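The values are calculated or read from the model by the stated rules, or taken from the named source; none is laboratory data. Quick caveat: nothing in here was measured; it's all calculated off a predicted structure. Heads up, the Cβs are rebuilt from the backbone with ideal geometry, glycines too, and the neighbour counts pull from every protein chain shown.
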Amino acid sequence: METPIAPLLKFETRVRGHLNAVGGYVSLLMLRLLLGYEYFTSGLTKFNGRNWFGSVEFPFPFSVLPVELNWFLATWFELVGAALLIIGLATRYVAASLIVITVVAIYAAHLPEVAEVIDGERVWRTVGIGSIGEFFDGYRISERCADGYCTGNYKLPVIYLFMFVPLLLSGGGRLAADRWLGKRLGK
């Protein structure tokens with residue numbers, strides 16, 4: 001004898017099967033498209049803009065590189081990496097590279113800053129996070145400044161870092177050039 005809930009369970013099993021099938025194609029593609037778009041627009045902004053990296057304190061080893069080289073590398077890794085993400089080519093390597101860029105960006109551009117007046121001009125410098133409260137105060141989408149101190153705006157880059165994890169661990173998914181090339185090359 002069939003229980004009253006049995007048809008509902010059968011229906012749920014069918015729906016879950018269809019979602020799993022579609023998810024294998026769509027989920028990683030959606031991550032690639034969104035991250036590709038975001039990083040491409042960021043790289044395009046750098047490409048069409050002026051180099052503002054001179055006012056940024058980079059962590060080692062980027063701190064020993066010339067500012068122009070850091071600007072060039074960030075711009076082109078974002079542009080080319082975004083294009084590769086969108087088509088799903090070298091997805092794991094691109095994800096790893098953009099993770100590094102994002103961590104450096106969080107450190108160099110999104111952590112709390114203090115304004116100092118040097119030669120009559122306001123110059124911002126990154127400061128360390130002194131307490132857990134200060135750390136979470138900067139976890140927001142937009143920067144908030146008052147009295148020469150700005151809290152960070154690193155919420156979005158942290159979200160991007162978490163979005164890269166599935167791409168790093170799983171690759172680009174079923175609708176990626178990586179998968180197509182792997183089949184063509186017999187891997």
For this session: Kindly establish whether R16 is among the basic types (K, R), surrounded by 10 or more Cβ atoms within 10 Å (Cβ to Cβ) and within 20 Å of the chain's Cα centre (by Cα).
Result: no
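For the range 24-46, state whether one or more residues are touching a strand residue (DSSP E or B) at 6+ places or on another chain (Cβ under 9 Å), touching a residue at least 60 places away in the same chain (Cβ under 8 Å), surrounded by 11 or more Cβ atoms within 10 Å (Cβ to Cβ) and not hydrophobic (A, V, I, L, M, F, W, C).
Checking the range 24-46: not a single residue is touching a strand residue (DSSP E or B) at 6+ places or on another chain (Cβ under 9 Å), touching a residue at least 60 places away in the same chain (Cβ under 8 Å), surrounded by 11 or more Cβ atoms within 10 Å (Cβ to Cβ) and not hydrophobic (A, V, I, L, M, F, W, C).
Of the residues that make up the range 29-39, is at least one at pLDDT 95 or above and either over 21 Å from R174 (Cβ atoms) or more than 26 Å from the chain's Cα centre (by Cα) (or both)? Step through it out loud before you land on a result.
So in the range 29-39, the residues at pLDDT 95 or above come out as 29-39.
The next check asks that each one be either over 21 Å from R174 (Cβ atoms) or more than 26 Å from the chain's Cα centre (by Cα) (or both); those that pass are 38-39.
So far as the range 29-39 goes, yes, one or more of its residues are at pLDDT 95 or above and either over 21 Å from R174 (Cβ atoms) or more than 26 Å from the chain's Cα centre (by Cα) (or both).
Let's see how each residue does on (1) farther than 20 Å from L69 by Cα; (2) not assigned by TED's automatic domain parsing to the domain that holds I106:
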residue	(1), (2)
L9	yes, yes
V22	yes, no
L28	yes, no
L35	yes, no
G43	no, no
K46	no, no
F53	no, no
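Could you tell me whether L65 is in the same structural domain as L84 (by TED's automatic domain parsing), at pLDDT 90 or above and farther than 19 Å from A109 by Cα?
On the way: in the same structural domain as L84 (by TED's automatic domain parsing): yes; at pLDDT 90 or above: yes; farther than 19 Å from A109 by Cα: no.
Here the answer is no, as L65 does not meet what is asked.
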Seminar exercise, completed: Okay, helices (runs of 4 or more DSSP H) sitting entirely in the range 114-184 with 2 or more residues that are under 21 Å from V100 (Cβ atoms) and either at pLDDT 95 or above or of a type in the set (D, E, K, R) (or both), I get 155-170
Problem set entry | Residue list for the range 63-91, filter: within 18 Å of the chain's Cα centre (by Cα) and of a type in the set (G, A, S) | A74, G81, A82, A83, G88, A90
Seminar exercise, completed: Looking across the range 1-27 at residues that are within 29 Å of D178 (Cα to Cα) and of a type in the set (S, T, N, Q), the single one that is modelled with the highest pLDDT is S27
Exercise. Just wondering, is there one or more residues in the range 38-53 that are assigned to a helix (DSSP H, G or I), within 23 Å of A176 (Cα to Cα), out of contact with any Leu (no Cβ under 6 Å at 6 or more places or on another chain) and among the aliphatic types (A, V, I, L, M)?
Worked result: no
